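Trainee: Supplied in structure tokens, the structure appears directly below.
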Amino acid sequence: MNQTDATRGRFITFEGIDGAGKSTHIGYVTSLLKGAGKRVVSTREPGGTPLGEKLRDLVLHEKMHLETEALIMFASRREHVAQVVEPAIARGDWVLSDRFTDASFAYQGGGRGLDRAKLDALEQWVHPHLQPDLTLLFDVPLDVARARLSATRALDKFEMEQADFFARVRGEYLRRAAESNGRIVVIDSTQTIDEVRAALQAALESWL
Ligand code: TMP
């Protein structure tokens, strides 16, 4: 992006296994940023555009080949990056996305075992020059996540997966966090809401 750091917005993503509690905390980060005078665009993947929401409905509910699943995630992402994320950052807005490409590496790569080289190629194709400025990874042990999930609504295709699937997804998220040079900040989501909020404030401090 040929824009100075002062005029471009920022791209923050939220990740974690299903049931890790990230959705609860996105609203808090939004209010922190708005309180600091930022213009915030909240969005999600898969989805975030009219076409992306149709693809979301398909990919969360239909059985399909694992490569089809990965391609749909990246098709939705291509539209999202072009229509929402890049224009907002160029306007100087702060984009908060509930999931992005780390989820494809964790779920399709870690969870389903798709070859990482294929995911690298898709990432290079779909957003060669865009990475999140900050990723907040909400982390909880599997049993806590399962208990939270079963207490909520009807489960989608991913949420119905078995414990070993989520163990691989979580493992891949944590591996990426360790290799991310600080881009991915792990938030211990077993803490109380106030403790999580304090951790979020600390993670965002240098940005506010
Ligand atoms: P959500 O329930 O957090 O909105 O996410 C929808 C599901 O889609 C969640 O189970 C994770 C999954 N997912 C992938 O498998 N790959 C991806 O690239 C993305 C963005 C989500």
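No value in this document is a laboratory result; all are computed from the given coordinates. Bear in mind that the values here come from a model prediction, so they are computed numbers and not experimental data. FYI the Cβ positions are ideal-geometry reconstructions off the backbone, even for glycines, and counts take in every protein chain you see.
Trainee: Give me the mean projected area, in nm² to one decimal, of the convex hull enclosing the Cα positions of the range 39-157.
Mentor: 8.2
Trainee: Right, here's the next one. Most mobile of G52, G110, G35 per a Gaussian network model of the chain (Cα springs, under 10 Å)?
Mentor: Per the Cα network of the chain with a 10 Å cutoff, G35 tops the list.
Trainee: If I model a spin label at Q162 and R116 as a point 7 Å from the Cα along the Cα→Cβ vector, what separation in nanometres do I get?
Mentor: Simple spin-label model gives 2.5 nm for this pair.
Trainee: Then there is this: At what distance in nm do the modelled label points of A147 and Q191 sit from each other, each positioned 7 Å from its Cα along Cα→Cβ?
Mentor: For the pair A147/Q191, the computed spacing is 1.9 nm.
Trainee: Which length gain, in nm to one decimal place, applies between A202 and E53 when the Cα-Cα distance is subtracted from 0.36 nm times their residue separation?
Mentor: Fully extending the segment from A202 to E53 adds 50.4 nm.
Trainee: So, one more: Let me make sure I get this right: for the chain, a, b and c are the square roots of the gyration tensor eigenvalues over alpha carbons, sorted descending. Under 1.5 in a/c it's rounded, otherwise prolate if a/b > b/c, else oblate. Which is it?
Mentor: oblate
Trainee: Using the Cβ atoms and a cut-off under 13 Å, what net charge is assigned to the surroundings of L114, where Lys and Arg are +1 and Asp and Glu are -1?
Mentor: Residues near L114 contribute -2 overall.
Trainee: Okay, moving on. Between A154 and S23, with labels modelled 7 Å along Cα→Cβ, what's the label distance in nm to one decimal, could you check?
Mentor: About 1.5 nm, to one decimal.
Trainee: Taking the Cα centre of the range 49-208 as the origin, how large is its charge dipole in debye, to the nearest 20, when only Lys and Arg (+1) and Asp and Glu (-1) carry charge on their Cβ atoms?
Mentor: The dipole of the range 49-208 has a size of about 240 debye.
Trainee: On to the next question. Neighbouring Cβ atoms within 10 Å as the yardstick, rank E205, E79 fewest first.
Mentor: E205, E79
Trainee: Taking the Cα centroid of the range 7-68 and of the range 171-189, what is the distance between the two, rounded to the nearest whole Å?
Mentor: 18
Trainee: Could you give each residue of the range 184-190 its phi-based ³J(HN,Hα) in whole Hz, using Karplus coefficients 6.51, -1.76, 1.60 with θ = phi - 60°, and x for Gly or Pro?
Mentor: Couplings: 9, 9, 8, 10, 6, 8, 8 Hz.
Trainee: Decide, for the range 107-208, between rounded, prolate and oblate: order the square roots of the alpha carbon gyration tensor eigenvalues as a ≥ b ≥ c, take rounded if a/c falls under 1.5, and otherwise choose prolate if a/b is larger than b/c, else oblate.
Mentor: oblate
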